[in-house]
Amino acid sequence: MIRGADSRMNRANAGAIANIGILGTSAGAVVIDAGTSLGQGRAIRAAAERLAGGRIARVYVTHLHPDHSYGIAAFDPAVVATTAPVLVSLRSGLAAYADGLYRLLGAAMTGTEPTLPGTVVADGVEDIGGRRLRLLTLAGHSAVDLVVLDEVTGTLFAGDLVFHGRAPATPDAQLDRWRAALDRLLTLGHRRVVPGHGPVDPTPDTAIRQTRAWLDWLERTFHEAAARGLSLAEVGELPIPEPLATLAEARYELQRSAVHLYPGVEQRALGPVQRAP
Ligand SMILES: [Zn+2]
């Protein structure tokens, strides 16, 4: 695994914040997610070729967020794969991030163009060089999220459905679907989890339950805040309880989530004002 920085994207980390999985097979390397830029994608490709037999057999893209997908152009499109629903989501949403990324990361983005995977794979088992990889399309962190389970080692590459030691990001989240996806992940029978962000979880469920705890707290807090009539700015300053307060970027993600999710919660809580008959 190439470990992403546990912080927001900035020029110091050049946007390399997502974890990248690399597996060896007799057919070459399997890479899970492609990084944020052409430059990072090339570095991932070089590392995977060096570590796992000189060629890239497959690159899976888990979802449309640019820290996972903007490095696709560094690879032969024919080996870059995702499932049809993720491809639809990439096709409609990928290009929208380009301006913001160039502004945020500057020269680190040089030469990077949003690029689509060249191969569509179905949910189920793909055998690559004798390594059985189980693909499962879920949703909730974004509109569509792919997870990859390496059956040989019991390692679940969970993409951004699972964060570990780092507060979950919710810009495209649907919390009810995300919770359902986490429930499903708990049934897969894996042994460890490579989260989208944060350290490897050597247990099957610690990081999954931590992600769930954050989402549950977030939603409960927003509903209570709306009932109390708190403003968006006040919600962003609410205390974060232990142990959630110890997650990296907890305050930053609470404030981002308030911006994404609180207006909707507020609107539902306040309801329409009744007109006099
Ligand atoms: Zn994401």
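The values are calculated or read from the model by the stated rules, or taken from the named source; none is laboratory data. Small disclaimer: the values here were computed from a predicted structure and weren't measured. Cβ: placed from backbone, ideal geometry, glycine included. Neighbour counts: every protein chain shown. Areas reflect the complete protein model, heavy atoms only, side chains present, ligands, DNA and RNA absent. Shrake-Rupley method; radii C 1.70, N 1.55, O 1.52, S 1.80 Å.
Descriptive notes on the structure:
- Listing of helices (runs of 4 or more DSSP H) fully contained in segment 174-277 that carry 3 or more residues being of a type outside the set (S, T, N, Q) and farther than 22 Å from His68 by Cβ: 206-228, 232-236, 250-270
- If you filter segment 156-173 down to residues that are open to solvent by less than 20 Å² (accessible area, probe 1.4 Å) and either touching a Pro at 6+ places or on another chain (Cβ under 8 Å) or assigned to a strand (DSSP E or B) (or both), you find that the one that is nearest to the ligand (Cβ to nearest atom) is Asp160.
- Among the residues of segment 43-98, just one is open to solvent by 30 Å² or more (accessible area, probe 1.4 Å) and within 12 Å of the ligand (Cβ to nearest atom), namely Tyr97.
- Residues in segment 76-106 that are without any contact (Cβ under 8 Å) to a residue 60 or more places away in the chain and either of a type in the set (Ser, Thr, Tyr) or in contact with a helix residue (DSSP H, G or I) (Cβ under 6 Å, 6 or more places away or on another chain) (or both): Val80, Ser89, Ser92, Tyr97, Tyr102.
- Number of the condition not met by Ala29 [criteria: (1) open to solvent by 10 Å² or more (accessible area, probe 1.4 Å); (2) out of contact with any Ser or Thr (no Cβ under 9 Å at 6 or more places or on another chain); (3) away from the ligand (no atom under 16 Å from the Cβ)]: (1)
- Scan of segment 112-143 for residues that are within 16 Å of the ligand (Cβ to nearest atom), at pLDDT 95 or above and either over 22 Å from Gly71 (Cβ atoms) or open to solvent by 20 Å² or more (accessible area, probe 1.4 Å) (or both), ordered by number: Thr137, Leu138, Ala139, Gly140, Ala143
- The single condition from (1) within 16 Å of the ligand (Cβ to nearest atom); (2) in a loop (DSSP other than H, G, I, E, B); (3) surrounded by fewer than 20 Cβ atoms within 10 Å (Cβ to Cβ) that Thr153 fails is (1).
Residue-by-condition table, conditions (1) surrounded by 17 or more Cβ atoms within 10 Å (Cβ to Cβ); (2) small (Gly, Ala, Ser); (3) closer than 18 Å to Arg8 by Cβ; (4) in the same structural domain as Leu161 (by TED's automatic domain parsing):
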| residue | (1), (2), (3), (4) |
| --- | --- |
| Thr221 | yes, no, no, no |
| Glu224 | no, no, no, no |
| Leu230 | yes, no, no, no |
| Glu253 | yes, no, yes, no |
| Ala258 | yes, yes, yes, no |
| Pro263 | no, no, no, no |
| Pro277 | no, no, no, no |
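- Note on segment 247-277: residues that are free of Cβ contacts under 8 Å to residues at least 24 places away in the same chain and either of a type outside the set (A, V, I, L, M, F, W, C) or in contact with a helix residue (DSSP H, G or I) (Cβ under 8 Å, 6 or more places away or on another chain) (or both) amount to 9.
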